[in-house]
Amino acid sequence: MNDLYPLPGSTDDIQTDESANEYARSIINDMLNGAALKDLLGIPENIMQAIYAHAYDLYEKGRIDDAKVFFHFLCTHDMYNSDYSLGMGAVHQQEKDYEKASQMYALSFALDAKNVRAMLYAGQCNLFLKNKQEAAQCFTCVINSDATTALKTQAQAYLAALQISQTKGVAHA
């Protein structure tokens, strides 16, 4: 249950306008100081991680619509967790909504610049969107990072394919 902010209508019901205003000021102050919704509602981190594990499992099983519901919940309740935005990006990519996927991957990378998988996936989305220059920038970012050899190899393959397609495009022009 919520220990931080008792919900109106509960046994901790707000009785007066003054206490309602104090309640609102407290929430507003916490929001202005960057509190995530999960913190305002008192949702423990282990519960958020259990929901993430469930969302990931649904995604892995191909239940994309169900996974989307949980990743949406996670993103709206903790917008600071890069794994949640990465998962939501993967859902959008599976739905072939490459613009939204790319935006979610960009958010994930902005939240955690060490997670260059987001850049690899953003590069893939940019390829589908025919944004070759942006895709090349994403793949170059992965190559120049301290990513695993496997991620760098994938990024190099995409970049090489892009360069070949651009060379063929110039030859046919």
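The values are calculated or read from the model by the stated rules, or taken from the named source; none is laboratory data. On a predicted model such as this, the values are computed, not experimentally measured, just so you know. We place every Cβ from the backbone using ideal geometry, glycine too, and count neighbours over all the protein chains shown.
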Item to complete: Name the residue, out of I64, I164, that is under 30 Å from A35 (Cα atoms) and among the β-branched types (V, I, T).
Response: I64
Worksheet item: Cβ-Cβ below 9 Å, separation at least six or inter-chain, first residue in segment 115-132 and farther than 13 Å from H92 by Cα, second among the small types (G, A, S) and in a loop (DSSP other than H, G, I, E, B): which pairs?
Response: V116/S145; V116/A147; R117/A147; M119/S145; M119/A147; L120/A147
Worksheet item: Among the candidates L32, L41, which residue alone is modelled with pLDDT under 95 and in contact with a His (Cβ under 8 Å, 6 or more places away or on another chain)?
Response: L41
Practice prompt. Check segment 104-118 and report whether any residue there is hydroxyl-bearing (S, T, Y), modelled with pLDDT of 95 or more and surrounded by fewer than 23 Cβ atoms within 10 Å (Cβ to Cβ).
Written response: no
Worksheet item: What are the residue pairs meeting all of these: first residue in segment 84-97, first residue closer than 15 Å to F70 by Cα, second residue outside any helix (DSSP H, G or I) and modelled with pLDDT of 95 or more, Cβ atoms under 7 Å, and 6 or more apart or on different chains?
Response: Y84/D78
Item to complete: Identify the residue in segment 38-94 that is farther than 19 Å from A122 by Cα and of a type in the set (V, I, T) and, among all such residues, is surrounded by the most Cβ atoms within 10 Å (Cβ to Cβ).
Response: I51
Worksheet item: Considering segment 33-67 alone, what residues qualify as being in contact (Cβ under 8 Å) with a residue 24 or more places away in the chain and assigned to a helix (DSSP H, G or I)?
Response: L37, K38, D39, L40, L41, M48, Y52, A55, Y56, Y59, I64, A67
